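The values are calculated or read from the model by the stated rules, or taken from the named source; none is laboratory data. Values in this document were obtained by computation on a predicted structure and should not be read as measured data. When we count neighbours, we look across all protein chains shown, and the Cβ atoms used for this are built from the backbone with ideal geometry, even at glycine.
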Amino acid sequence: MIKDQIETYIDYDHNLIKEIARRAIEIENKFQSKMINKSEYEELMSDIKSQTDVSLSMKDLAVKESLNKLIDALITAATLV
Amino acid sequence: MYRLLSILAVASMLSGCASYLLAKYDTGEHVLINDIRMSAETGKEYCTDSEVMKALSVQIYRKSISFKNYASSLDHNDDVIKAAESLVDITTGLKSRYSSDSASAEYCKMKLSAIESTSAAMQLSIARKPR
């Protein structure tokens with residue numbers, strides 16, 4: 001039931017959410033088919049949180065990069081005044 | 001306001017494109033994250049060999065520590081430092097498991113995939129830092 005709920009997020013229009021949902025389902029499937037044990041399952045699931053943290057940090061970095069470019073453009077424009 | 005912008009403009013012209021909010025592109029940082037990504041990417045073929053994986057897991061862990069320390073030495077690099085700490089968390093799990101007992105091949109493949117995709121995302125952002 002929970003797995004079905006997570007699967008609905010795979011169609012979600014957001015790359016990070018989509019990737020988290022896809023990965024969680026993949027780990028769940030491997031555990032259900034006994035390809036990984038319980039402690040491996042728990043560790044891989046907790047890695048999703050670390051991966052999410054990385055994605056959010058990189059998103060912040062991308063925003064700063066864009067803002068940096070805009071400030072550069074603003075300064076260039078000011079030189080033409 | 002225009003005076004401030006003029007001063008910034010002169011400073012900018014003198015130094016090329018400036019970096020106001022984040023650390024500039026750093027070749028050393030890029031090389032280190034690329035190395036972690038490559039180790040995870042090429043390591044998957046050894047997932048059935050626990051002896052090789054034991055050595056590789058320590059190697060990847062040490063590389064992630066090296067990357068975190070290097071990133072920490074750069075000013076205005078908070079986002080990369082935070083991401084590097086999360087990457088260390090992921091690689092610590094791999095190293096700990098192989099140092100205490102063996103791991104399943106599926107766990108190994110998924111763990112290395114997680115390290116590969118995480119470091120790839122970081123590399124993409126690091127490569128786009130202002131020159």
Original post:
Is there a residue in the range A:29-42 that is acidic (D, E), crowded, with 16+ Cβ neighbours inside 10 Å and under 24 Å from A:K3 (Cβ atoms)?
Top reply: yes
**OP:** Having 2 or more residues that are of a type in the set (A, V, I, L, M, F, W, C) and within 21 Å of A:F31 (Cα to Cα) is the bar; report the helices (runs of 4 or more DSSP H) wholly within the range B:11-130 that clear it.
**Re:** B:78-100, B:105-127
Original post:
If B:S19 passes every condition in (1) crowded, with 16+ Cβ neighbours inside 10 Å; (2) of a type in the set (S, T, N, Q); (3) modelled with pLDDT of 95 or more but one, which one does it miss?
Top reply: (3)
Original post:
Are there any pairs with C-beta distances below 7 angstrom linking a residue in the range B:22-38 that is over 15 Å from B:Y61 (Cβ atoms) to a residue that is of a type in the set (D, E, K, R) and crowded, with 16+ Cβ neighbours inside 10 Å, with the two at least 6 apart or on different chains, and if so which?
Top reply: B:L22/A:K64; B:L22/A:E65; B:L22/B:K129; B:A23/B:K129; B:K24/B:K129; B:Y25/B:K129
Original post:
If you check A:A21 against the conditions, is it in contact with a helix residue (DSSP H, G or I) (Cβ under 9 Å, 6 or more places away or on another chain) and more than 8 Å from every other protein chain (Cβ to nearest Cβ)?
Top reply: yes
**OP:** Sort out which residues of the range A:56-81 are at the interface with chain B (Cβ under 8 Å from one of its Cβ atoms) and polar (S, T, N, Q), and write them in order of number.
**Re:** A:S57, A:N68, A:T76, A:T79
**OP:** Exactly one condition in (1) closer than 30 Å to A:D72 by Cβ; (2) more than 9 Å from every other protein chain (Cβ to nearest Cβ) is not met by B:Y98; state its number.
**Re:** (1)
**OP:** Check off (1) under 19 Å from A:K38 (Cα atoms); (2) facing chain A (nearest Cβ under 7 Å); (3) surrounded by fewer than 22 Cβ atoms within 10 Å (Cβ to Cβ) for B:P130 and give me the number that stays unchecked.
**Re:** (1)
Subject >> Failed criterion for A:V81 (all others in (1) part of a helix (DSSP H, G or I); (2) without any contact (Cβ under 8 Å) to a residue 24 or more places away in the chain; (3) surrounded by fewer than 18 Cβ atoms within 10 Å (Cβ to Cβ); (4) of a type outside the set (K, R) hold) >> reply: (1)
Original post:
If the Cβ limit is 6 Å and pairs must be 6+ apart or interchain, which residue in the range A:29-55 that is under 19 Å from B:K95 (Cβ atoms) and at the interface with chain B (Cβ under 8 Å from one of its Cβ atoms) pairs with which residue that is of a type in the set (G, A, S) and assigned to a helix (DSSP H, G or I)?
Top reply: A:E43/B:G93; A:D47/B:A114; A:S50/B:S86; A:V54/B:A83; A:V54/B:S86
**OP:** Take the range B:103-114 and flag every residue that is buried (at least 24 other Cβ atoms within 10 Å of the Cβ), more than 8 Å from chain A (Cβ to nearest Cβ) and under 19 Å from B:E85 (Cα atoms).
**Re:** B:L112
Original post:
Do you know which residues across the range B:40-70 are free of Cβ contacts under 8 Å to residues at least 60 places away in the same chain and in contact with a Lys or Arg (Cβ under 8 Å, 6 or more places away or on another chain)?
Top reply: B:S57, B:V58, B:I60, B:Y61
**OP:** Residues being more than 8 Å from every other protein chain (Cβ to nearest Cβ) and within 15 Å of B:S39 (Cα to Cα): count how many of those fall in the range B:82-91.
**Re:** 2
